[in-house]
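The values are calculated or read from the model by the stated rules, or taken from the named source; none is laboratory data. As the structure is a prediction and not an experimental result, all values here were calculated from the model. For neighbour counting, all protein chains shown are included, and Cβ atoms are generated from backbone atoms with ideal geometry for every residue, glycine included. Surface areas here come from the heavy atoms of the whole protein model, side chains and all, with no ligands, DNA or RNA. Shrake-Rupley method; radii C 1.70, N 1.55, O 1.52, S 1.80 Å.
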Amino acid sequence: MMASELQKPIKKNRGFYVKMRILHKGRQPEKSLFFRYYQWILWFSFTLYFLTSFFITNKPIQLSKPRASGSKLSLPSRVLFESVNKTSQQPYFKNPAMFKDLKIFIYELPSEYNENWLSNKRCSNHLFASEVAIHRALLNADDFRTFDPKEADFFFVPVYVSCNFSTVNGFPTIVHARSLLFSAIQFITKNYPFWNRSQGIDHIFLASHDYGACFHAMEDRAIDNGIPEFLMNSILLQTFGVNYKHPCQDVENVLIPPYISPESIRKTLEKAPLTGNRDIMVFFRGKMEVHPKNVSGKFYSKRVRTEIWRRYKADRRFYLQRHRFTGYQSEITRSGFCLCPLGWAPWSPRLVESVALGCVPVIIADGIRLPFSSAVKWSEISLTVAEREVGKLGQILEHVAATNLSTIQKNLWDPAVRRALLFNDHMQRRDATWQILTSLYKKLNRSYRRSRVPSQ
């Protein structure tokens, strides 16, 4: 579109303007009464038309009323429901045919299991906050949520175990996770019959931590502890996933992305659009130990981050920073490649932030399994570099930049890719919560209700 075309004023619809003009040739008294009567009828008709048109076209659009539920919300559920409705409303959509009336019942647990933890604002915004975001999205998903447990396919148990922040270093500590979850199961077993009838196979829990359902940040300790016995039959939504056999994913699970605030992404992209100038070739900001500590025979990031710092800290192609900066998302929007090396666990929130802000993620974590592979074609929007190949990182990225970077960026900048990895308070079509429902639909063989319905 040319600039001259943009400057053309847009005509506004002013309705119909009728200009009548009656010509008379001489005096015709025998027709004057007829003409006056005709003129009066004509003007009356137009006036009536204009008035009815005005009221019809200017009738206010009625917003859909909230659906009345069959039971009253408990205090924690009411607080969470009200908090999600303070955000901007998204277009309402019906339960699509592809889900075949999938229904989820959300347990209304005492506030010490979830709502009380929200007194700390970090609880709903840090990298493990998908346990809060998914709970909120399901509370507001009218066509998927049921208040009648007898018609439920799955039962969601909303327990926030990652909001207990250490007073020493500020990091989430999950030492209480097992006891809190076990207590929640005791509560639902005492007050509802649905756990015992299926032994929990249709119950859903969140494990958005380093090693998922093993509930420990260190792999060796996580493996030693294993998945709690009381969760072995259930479905775990977890961020940890690898493409080889591992004790911490030896349970029915759905791999989910780490939480990144969609609001922070929106605000960042308002200031720096995806297609803006990217003057940084390679970016990483985060922990890079010069002399990594030996922790129980393990080194942080398997020394990968240390090697990145040692080899490329003086390389002008690389913008590497070891200290925190609240405005780091603006640096991502300026970058072509964003490094996503492993930490203690293979996954990282940088993966989602890089994708959402249009920076090609460079995944350095051997054997990592990535979320929602049916919706996100990872091979078309990212690069994977083996941990042992970090020394060749500069050469590899130079080659990609000179050959097919523009193709990768075109795929990456598709809005559907970003949408699939972000959790919204009000579920949107094909967002991260939607992808979880898609995965749950494939597990309907675990639905106790459907197993009791005779096949036709």
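Worth a mention:
- Applying 0.36 nm per residue to the separation of R322 and E229 and subtracting their alpha-carbon distance, the gain on full extension is 29.5 nm.
- The figure for Y259 is an accessible area of roughly 20 square angstrom, using a 1.4 Å probe on the protein chains alone.
- Convex hull volume per residue in cubic angstrom - Cα atoms of region 262-420: 117 Å³
- Heavy atoms of T173: accessible area, 1.4 Å probe, square angstrom to 10: 40 Å²
- Set of aspartates and glutamates near K245 by C-alpha distance (under 16 Å), chain-local residues within fewer than 8 positions excluded: E219, D220, D224, D366
- Student exercise, region 189-311 dipole from Lys, Arg, Asp, Glu Cβ charges, in Debye to nearest 20: 620 debye
- Legend: residue pairs K302/K392; K121/K190; K302/K443; K150/K443; K100/K190, Cα-Cα distance threshold 28 Å; pairs beyond threshold, K121/K190; K302/K443; K100/K190.
- Per-peptide average of other Cβ atoms within 10 Å, ordering 285-297, 357-369, 115-127 highest first: 357-369, 115-127, 285-297
- Label-point separation in nm, S379 to S119, each point 7 Å along Cα→Cβ: 5.1 nm
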